[in-house]
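Following: one structure in structure tokens, then a few remarks.
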Amino acid sequence: MNKKLFATAILIVMTLSLQAKNLKALFSFKTFYSPEKGSYVETYLSVFGSSVEFKQAESGKYQGAIEVNAKFMQDDVIKNYDKYNLLSPEVESISDVKFNFLDQQRISLPSGKYTLELTVKDKNADTPPYVIKQEIVLQYAPSQVSVSDIELIESFNKAVEGSSKLSKSGYDLIPQVDNFFSNDKSELNFMPRFYNTTLTNSDMIFTELLYTECRE
């Protein structure tokens, strides 16, 4: 494997901070390749619960709601668009809001260069939405050895029966959205994916490994 390619992939850890008055969140993304579906982007959005307006739901409990709009543009043409509400867990009291809540999306896109336009708004607050634009490049050749972006893992557990967006290779992986590591953190978990490490009769072998790096 090209050492320069691997070193470059390790450095592709980009975290964007979002702050629109009271709303605070962290956003990051990684690019990958699937032998069955082709290249795709994973987006990670971690919202600080304490920065969100909670309102009483029909259940009588309190819940926050974030409206998310994501457009992937190529030469001013929309190639993928999604609009959805990210809901927080329900709580008995607003004083119980001492957590962040996480959203992860997977978007299949052909290899190429895109501009992601992301709009994030607190649905319960009278504040303007926050908009960012970010260039994203997907460049995976089906016949060349390559490595994905490096996904940082906050924590992981063996997946129970069934699967979710957080499940990969038999594990439920909680992504680490930022790239800050405090001194009291003793382990660094990360997962790279290697493509085309073995080619037989033009069939691609897909390798996915979970690493844990321990600090002294």
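At least 1 residues that are of a type outside the set (A, V, I, L, M, F, W, C) and farther than 30 Å from residue 155 by Cβ in each: list the strands (runs of 3 or more DSSP E) lying fully within region 66-128 that qualify.
77-87, 112-122
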Show the residue pairs meeting these rules: Cβ distance below 9 Å; 6+ apart or different chains; first residue within region 142-155 and farther than 10 Å from residue 33 by Cα; second residue of a type in the set (Gly, Ala, Ser) and in a loop (DSSP other than H, G, I, E, B).
143/202
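Read-outs throughout are calculated quantities, based only on the coordinates presented, and are distinct from any laboratory measurement. Please read all numbers here as calculations on a predicted model, not as lab measurements. All Cβ positions, glycine included, derive from the backbone under ideal geometry; neighbour counts span all protein chains shown.
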